[in-house]
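The values are calculated or read from the model by the stated rules, or taken from the named source; none is laboratory data. What you are looking at is a predicted structure, and each value in this text was computed from that prediction instead of being measured. A quick note on method: Cβ atoms are made from the backbone with ideal geometry, for glycine too, and the neighbour counts reach across all protein chains shown. These accessible areas exclude ligands, DNA and RNA; they are computed on the full protein's heavy atoms, side chains included. Shrake-Rupley method; radii C 1.70, N 1.55, O 1.52, S 1.80 Å.
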Amino acid sequence: MSSTTSDVGNVQPTIRSSVHDALDRTRWLILGVLGLAQLMVVLDATVVNIALPAAQLDLGFDNADRSWVVTSYALAFGSLLLLGGRLSDLFGRRTTFLVGLVGFAVMSAVGGAAVNFGMLVAARAGQGVFGALLAPAALSLLTTTFTDPKERAKAFGIFGAVAGAGGAIGLLLGGVLTEWANWRWSLYVNLIFAGIAFVGGFLLLAKHRATERPVLDIPGTLTVSAALFSIVYGFAHAESDGWSNAVTIGFLAVGVVLLGVFVYLQTRATHPLLPLRIVLDRTRGGAYLAVFVIGAGMFAVFLFLTYYLQSTLGYTPITTGFAFLPMIATLVVTATVATSVILPRFGPRVLMSAGMLIASAGMALLTQISIDSSYAAHILPSLLVMGVGMGATMAPAMQGAVSGVSPDDAGVASATVNTMQQIGGSIGTALLSTIAATAATNYATDNQAAVAQAADPQAAATLLRMNAEIASYTTTFWWASGIFLAGSVMAALLVRSGKLPDGPEGATVVAH
């Protein structure tokens, strides 16, 4: 009898150990699924950029319409993110995640099969709608899956690296697909990503049931969606028509007013779309600000450095994509190490502030480029420095932005992260594009007299155009450096010192 009892006692720890090992493996598989979905959403903001000239030639639309292929995605994605986050809280993160994957894949297929400009733009807007469901669901699933502090740090490091490097990976992938296949594959490739993520999510994720009956804040939803749409559209319009344009001013003014109305409504609503307790916490507020700044500055690197590499140095699309690989590698390594080693000991304030300061230095290095700069001497060092800076900032900011929130608020807190990154990117692109255009015009005007006096006016005019482009890039990089520097100071002043909370109260693992 005693022998039987002893055997049972020995078996129980073995069973518990096996169950723990299975859950541990499942959690990391879930991270792979969520990271793949996040990568698809983030890279789609840039993967189409390099494919645009080929798409324009194929479908026959003009340069004035070209920006709408990018803007339509940003408008839908940015304006609906908060709604998508709340829907994942109310109706289940797993369901929202899977629906978002299916919808994103369908819209990608429609875009890839587009026969005219209108069909392509409509499909891009549809991608943005389903991306707004998918992105916050993925981050909130990560938040509720990894509850152990050490595991959370490592998981957020990997996820943050994916979020930070996704734009650069999009440039690389867009170049490869456009050059080796067809521009349509920059959209069709999402079917592969979404298919793998759907199968993994369906098998691994447990169903989430809301703790209370779903109640959606309709006035708040309509107000903030209209506000974000107006702001994104206003900045996009400024890029093409200028800041003094009546439409630009009108949309920006309406957006700001509606944001004020939204904040007022949230203080009065019984079931607010965005509970103000989420953003008023100092650490979370500082983290949202850091994500906004990184989004604004990061797009400057991708956009204007891409122009420089292709227009001035003559790189092909695929070579341009490969040029960003060192930054991606540095960003991934830094993000992983920062969140697993430094963040648990010192907290997010040190990392975010130092990271943006390093990114500022990296952007300042880029201001030294010229017509005949070399990649190894002038571009690679700045990319490595920026990879360190953005890796040290992005992953801790994403973890800080969802730290301490209850599981029922995880979706909307996650959506706010994605909203800040998207709005930051839209504002940064429009603002810095305008600054670049002004700098180029001023340089050309100031040096026009030298062209007429030159022995070879045609060669002098070509040189003037190239130098004007360089002036536009360097001016933009100085501004981006200043944006990162301001973000560093604000993070140091706003974010609380000390470690992050271990995890949200009541969080549970959401794996089968």
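Shown here for the range 57-120: trypsin sites (Lys or Arg not before Pro) in loop regions (DSSP other than H, G, I, E, B) with at most 13 other Cβ atoms within 10 Å, of which there are none. The range 339-362 and the range 394-436 have Cα centres spaced 17 Å apart. Kirkwood analysis of the Cα pair distances in the range 425-480 returns a hydrodynamic radius of 11.8 Å.
Summed over all non-identical Cα pairs, the Kirkwood treatment of the chain gives a radius of 23.6 Å. Rounded, prolate or oblate: which one fits the range 106-182, using the alpha carbon gyration tensor with axes a ≥ b ≥ c (rounded when a/c is under 1.5, else prolate when a/b beats b/c, else oblate)? Because a/c hits 1.5 or more and a/b fails to exceed b/c, the range 106-182 counts as oblate.
One way to sum up the overall shape of the range 349-480 is the equivalent ellipsoid from its Cα gyration tensor, whose semi-axes run 41, 17, 9 Å, largest first. Entry comment: accessible area of the chain is 40 Å² per residue, from protein heavy atoms only and a probe of 1.4 Å.
Taking 0.36 nm per residue of sequence separation and removing the Cα-Cα distance, the Asp241/Ile371 pair yields an extension gain of 43.9 nm. Kindly list the residues of the range 310-329 that lie in the label zone of Leu380, defined by a backbone N under 11 Å from the point 7 Å along the Cα-to-C-beta vector. Residues 326 fall inside that zone.
Using the empirical formula 2.2 N^0.38 Å as the baseline, the Cα radius of gyration of the range 111-152 reaches a ratio of 1.83. Whole-Hz Karplus values for the range 418-434 come out as 5, 4, 5, 5, 5, 5, x, x, 5, 5, x, 4, 5, 4, 6, 5, 5 Hz, taken residue by residue from phi with 6.51 cos²θ - 1.76 cosθ + 1.60 and θ = phi - 60°; glycine and proline positions read x.
Applying Stokes-Einstein at 37 °C and 0.692 mPa s to the Kirkwood radius of the range 15-163, computed over alpha-carbon pairs, gives a translational diffusion coefficient of 198 µm² s⁻¹. Between the range 172-247 and the range 319-334, what is the C-alpha centre distance in whole Å? Their Cα centres are 24 Å away from one another.
Here Lys499 is the anchor, and the lysines within straight C-alpha reach of less than 21 Å, apart from those fewer than 8 places off in the same chain, are Lys150, Lys154.
Given R₀ = 45 Å, FRET efficiency for Ser311-Val215 by Cβ-Cβ distance, to 0.05? Once rounded, the FRET efficiency stands at 0.30.
Surface listing: Asp148, Asp409, Asp281 arranged by accessible area from highest to lowest gives Asp148, Asp281, Asp409, probe 1.4 Å. Rolling a 1.4 Å probe across all protein chains gives Asp456 an accessible area of roughly 80 Å². For the set Asp241, Asp65, solvent exposure ranked by accessible area (probe 1.4 Å, protein chains only) runs largest to smallest as Asp241, Asp65. In this Cβ point-charge picture (+1 for Lys and Arg, -1 for Asp and Glu), the chain has a dipole of about 1200 debye about its Cα centre.
Would you list the P(r) distribution for the range 388-465, with all Cα-Cα distances sorted into 5 Å bins from 0 and each bin expressed as a whole %? Using 5 Å bins, I get a P(r) of 3, 13, 13, 12, 10, 8, 7, 7, 7, 7, 5, 4, 2, 1, 0 for the range 388-465. The orientation-averaged shadow of the Cα convex hull for the range 61-114, equal to a quarter of the hull surface, comes to 4.2 nm². Size descriptors for the range 150-253 (Cα atoms only): Rg and Dmax, in that order, 20.4, 53 Å. Projecting the Cα positions of Gly103, Gly118, Thr462 onto the charge dipole of the chain (unit charges on Cβ atoms of Lys, Arg, Asp and Glu, taken about the Cα centre) puts Gly103 furthest along the positive direction. Based on alpha-carbon atoms, the Kirkwood radius and the radius of gyration of the range 313-367 give Rg/Rh equal to 1.11. Protection proxy ranking for 46-56, 288-298, using the average of other Cβ atoms within 10 Å per residue and placing the highest first: 288-298, 46-56. For the chain, the relative contact order works out to 23 percent when only alpha carbon pairs closer than 8 Å and six or more residues apart are counted.
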